[in-house]
Amino acid sequence: MRRVVITGVGVFASVGKNAEIFFKNLLEARSAVRRICQFDPSPLTVQIAAEVPDYNPADYFSAKRLDLLDRFSQFGLLAAQEAMASSGIEVREEERPRFGVVTGTGMAGVSTLDSAYFSLYANQATRLPPFTIPRMMHNAATSQTCMEFGAQGPSFTIATACSSSGHAIGEAFHLIKYGMADIMLTGGCEAPITYGMIRSWESVRVLATGNGDPSRACRPFSADREGFVMGEGAAMLLLEDL
């Protein structure tokens, strides 16, 4: 069995759009929870979430590329790009068959799904964009990451609810440990903040409202905790055989 090491880290999240800012804000206990900006949350009981602030997809991707990318895949790719860059690795052509990608996601392309259903049911659309399916599938971020970096090794997506990303990292670790791969990009990405998704979670009655102070909404170990907060973003690691 081989030893596995982390040689690259990438983050694109509500707390910070790169790993350095992310960890700095964590150490300073800065909350990323605020009133939802992606749509008007006024009709909702829960109007807060941990959104990536001031995010404009066109700042990072071409219009042609965005046709293929749901918001969760965009975040996954941006985190993967940082992980690859921070590792300093250059994967050679002969190494690509042993370079894989495993990502985790619980909800996948819900922005695409929400938009598609609105077009069908509210606007009476008779057809949808042809890339609707490849945008919304759970393995979309994995597939896009493989194409971005030329990974040809073991590549798949894990959807095990809140443990999806941790599960993905564990699987990637085992692939290297037991000799089935040499290099793995792994982590998770999520972008579940849509009107329909918040409404769905409201019905379970597990979301925190913040009680007028969004920055205090997420406090899982406090005696007066009231629930959890929906968030979005991505984090990726590059794992290698030592």
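How about the stretch 26-43: which of its residues are surrounded by 16 or more Cβ atoms within 10 Å (Cβ to Cβ), within 19 Å of the chain's Cα centre (by Cα) and of a type outside the set (D, E, K, R)?
SER31, ALA32, VAL33, ILE36, GLN38 - these are the residues of the stretch 26-43 that are surrounded by 16 or more Cβ atoms within 10 Å (Cβ to Cβ), within 19 Å of the chain's Cα centre (by Cα) and of a type outside the set (D, E, K, R).
On the basis of being in a helix (DSSP H, G or I), small (Gly, Ala, Ser), at pLDDT 95 or above and closer than 30 Å to PHE228 by Cβ, does ALA141 make the cut?
Answer is yes for this residue.
Looking only at the stretch 197-212, count every residue that is assigned to a loop (DSSP other than H, G, I, E, B) and either β-branched (Val, Ile, Thr) or modelled with pLDDT of 90 or more (or both) and tell me the total.
4
Output yes when any residue across the stretch 44-53 is in a helix (DSSP H, G or I), under 19 Å from PHE228 (Cβ atoms) and under 14 Å from the mean Cα position of the chain (by Cα), and no when none is.
Checking the stretch 44-53: not a single residue is in a helix (DSSP H, G or I), under 19 Å from PHE228 (Cβ atoms) and under 14 Å from the mean Cα position of the chain (by Cα).
From the list SER73, SER115, SER86, SER119, pick out the single residue that is small (Gly, Ala, Ser), out of contact with any Asp or Glu (no Cβ under 7 Å at 6 or more places or on another chain), modelled with pLDDT of 95 or more and farther than 13 Å from GLY188 by Cβ.
Result of the check over SER73, SER115, SER86, SER119: SER86.
Could you tell me which of the residues SER215, SER115, SER165 is touching a strand residue (DSSP E or B) at 6+ places or on another chain (Cβ under 7 Å), hydroxyl-bearing (Ser, Thr, Tyr), under 23 Å from PRO53 (Cβ atoms) and outside any strand (DSSP E or B)?
Every option except SER165 fails the conditions.
Can you run down the residue pairs with Cβ atoms below 9 Å, 6 or more apart or on separate chains, where the first is in the stretch 136-149 and under 10 Å from THR103 (Cβ atoms) and the partner is β-branched (Val, Ile, Thr) and assigned to a helix (DSSP H, G or I)?
Close Cβ pairs satisfying both conditions: ALA140/THR112.
I'm checking my understanding of the structure. Among residues of the stretch 65-86 that are more than 12 Å from ASN18 (Cα to Cα) and acidic (Asp, Glu), which one is surrounded by the most Cβ atoms within 10 Å (Cβ to Cβ)?
ASP70
The values are calculated or read from the model by the stated rules, or taken from the named source; none is laboratory data. Keep in mind it's a predicted model, so treat the numbers as computed, not measured. Because the Cβ atoms are built from the backbone with ideal geometry, glycine has one as well, and the counts that use them run over all protein chains shown.
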